[in-house]
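As structure tokens, the structure follows; a few thoughts come after it.
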Amino acid sequence: MKIKNKLSNLAWSRLRNRGLLIAVGAVALLAAACADDDLATDKPNKHMGTTLAFNVSDVQMDALAQNATEQTRGLSMQPIPASYLAPRKIDATGSNPHDFCLIESTVEGLNPVKPDAKTRGTILTAHTLGTFSSIGYRAASPAAAANPSTALLWFHGEKTNPDGTLQSRYDWDWPVNVYGRFYAVSPEATAANGITLSPSNYAQVPYVDFEVKSNVIDQVDLMTACSGEVHYEHGNDPTSNLKFTHALAAVKFSIGSNLSPVIIKKIEVSGVKYKGRYKLPNKADGS
């Protein structure tokens, strides 16, 4: 009887120790999983929240659609100081004895009417927008998300469709990193388009290095956008707007009616830069 009890106690002790080991192993596995999860808070798909997508529009075309008179002069939705739009008279020089002058008249963006004949670079609108490049930052607070130096880089140079969907999926985190700020450049930043994004480790507002085409007919409009602050609330799709503004200006020439018998054979513009660095906007209004 005592031998039977000893065997029973020994079996129970082994079973209890084995159960304890299994329980300890489960706790250790759970702790390791939580630790890995905490380390991965800056990775997409952490909680499989709402998938990121953008509402894409063109500030200038939006203004034109809202303008009942369809005026052809500058519109106020692009962040351009009024002093830049003031007309100027420029004296022309040359061997011709006639007295010539140039009247400079500037409009915001690329003449907000309808794109005309392909005698200049191709003007982009939200309807003609192709794939573009986007950059995303996120953080746990709006202050941290407002500056790339304090935010986490979410993605860089991501190929994005004209309808605002990213070609790679990115889901919002919850409850961490619920504030975001996004930047975009169109057309897509490629060597063929003459556009290079700032490096992914650049801890300031992104920029692009841009070079125009040697043949103006091949030139494509350059547009940029910033979403401003975007806040994700669990279960609700946040509004992530990318309102593109034109980074280039159009130069047009018209001939007055009092120039007969003068024939203008060509017009040369000197001192124009064909490449440079353009800092992307950091606010939703394009500034």
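The values are calculated or read from the model by the stated rules, or taken from the named source; none is laboratory data. Since we're looking at a predicted model, the values are computed, not measured. Don't worry about glycine lacking a Cβ; one is built from the backbone with ideal geometry, like all the others, and counts go over all protein chains shown.
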- request: Pull up segment 75-94, narrow it to residues that are farther than 22 Å from ALA225 by Cα and of a type in the set (S, T, N, Q), then point me to the one that is modelled with the lowest pLDDT.
  value: THR93
message: Between a residue in segment 231-247 that is without any contact (Cβ under 8 Å) to a residue 60 or more places away in the chain and assigned by TED's automatic domain parsing to the domain that holds TRP172 and any residue that is of a type in the set (Val, Ile, Thr) and in a strand (DSSP E or B), which pairs come within a Cβ distance under 8 Å, given they are 6 or more apart or on different chains?
response: ALA247/THR224
message: Among the listed residues TYR232, TYR207, TYR202, identify the single one that is buried (at least 21 other Cβ atoms within 10 Å of the Cβ) and among the hydroxyl-bearing types (Ser, Thr, Tyr).
response: TYR232
- prompt: Taking PHE253 and the conditions (1) closer than 27 Å to GLY130 by Cα; (2) in contact with a Leu (Cβ under 9 Å, 6 or more places away or on another chain); (3) assigned to a loop (DSSP other than H, G, I, E, B), which numbered condition does it fall short on, given that it satisfies the others?
  reply: (1)
- prompt: What single numbered condition from (1) assigned to a strand (DSSP E or B); (2) charged (D, E, K, R); (3) free of Cβ contacts under 8 Å to residues at least 12 places away in the same chain fails to hold for ASP209?
  reply: (3)
Residue count, segment 155-186 (criterion: aromatic (Phe, Trp, Tyr) and either under 19 Å from THR196 (Cα atoms) or not assigned by TED's automatic domain parsing to the domain that holds ALA247 (or both)): 3
- prompt: Of all residues in segment 199-230 being more than 18 Å from THR245 (Cβ to Cβ) and small (Gly, Ala, Ser), which is farthest from the chain's Cα centre (by Cα)?
  reply: SER214
query: Of all residues in segment 233-250 being in a loop (DSSP other than H, G, I, E, B) and hydroxyl-bearing (Ser, Thr, Tyr), which is modelled with the highest pLDDT?
result: SER240
